[in-house]
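*Asks:* Sharing a structure with you now.
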Amino acid sequence: MSFSTVKQQLANAGEKGFFNNTYEISNEFGRIAIVYADNAGEALDIAADSGHMNCQLMSDYDYGEAMENNWFDTFITIGYDSAPYWTENLTVTER
């Protein structure tokens, strides 16, 4: 993997000095983002706000169906706008 590819995956490259940990967020297709954060929840919020999690964003129809059927284990709401994101096959690993 080239340096430019890794650099594109950094959600908050200029903030390394402000956080204690580095997290890798991946789905079934590979790495989505590398995030500097203090915990996994904060890493997900930062990745969502930076646009790196858009591939996991739920449609309004899917969100409605999940709410109607009480499938609360299939999504999370993260980021400033508290948008719903799929969590199936999503991993957050501290590096």
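*Asks:* Residue separation times 0.36 nm, minus the C-alpha to C-alpha distance between Ser59 and Glu94: what's the value? Don't skip to the end; give the middle numbers.
*Replies:* Numbers: separation 35, 0.36 × 35 = 12.60 nm, distance 2.85 nm.
Additional length available on full extension: 9.7 nm.
*Asks:* Suppose R0 equals 22 Å; then what is the FRET efficiency for Thr74 and Ser26 from their Cβ-Cβ distance, rounded to the nearest 0.05?
*Replies:* Values: r = 17 Å, r/R0 = 0.79.
Given R0 = 22 Å and the Cβ-Cβ separation, E is 0.80.
*Asks:* Give the percent of DSSP beta bridges with both residues in region 3-94 that are antiparallel, rounded to the nearest 5. Write out the running numbers ahead of the final one.
*Replies:* Numbers: 16 of 17 bridges.
Roughly 95 percent of the DSSP beta bridges within region 3-94 come out antiparallel.
*Asks:* If you don't mind, another one. Longest span of the chain, sites excluded, free of GluC sites (Glu not before Pro) in DSSP loop with at most 16 other C-beta atoms within 10 Å? Please report the intermediate quantities before stating the final value.
*Replies:* Working: sites that count: Glu28, Glu88.
Counting at most 16 other Cβ atoms within 10 Å as exposed, the longest clean stretch of the chain is 29-87.
*Asks:* How far, in degrees from 0 to 90, does helix 40-49 lean away from the longest principal axis of the Cα atoms of the chain, to the nearest 10?
*Replies:* 80 degrees
*Asks:* While we're looking at this one, here's another question. Identify which of Asn12, Asn69, Asn54 has the largest mean-square fluctuation in a Gaussian network model of the chain, with springs joining Cα atoms closer than 10 Å.
*Replies:* With Cα springs under 10 Å in the chain, the top fluctuation among Asn12, Asn69, Asn54 is at Asn69.
*Asks:* When every alpha-carbon pair in region 3-94 is counted, what percent end up more than 24 Å apart? Walk me through the intermediate numbers first.
*Replies:* On the way: 820 of 4186 pairs.
In whole percent, the share of Cα-Cα pairs in region 3-94 beyond 24 Å is 20.
Laboratory data are not the source of any read-out in this text; all were calculated from the coordinates shown. Keep in mind the model is a prediction, meaning the values are calculated, not measured. Methodologically, a virtual Cβ is constructed for each residue, glycine included, from the backbone with ideal geometry; neighbour enumeration extends over all protein chains shown.
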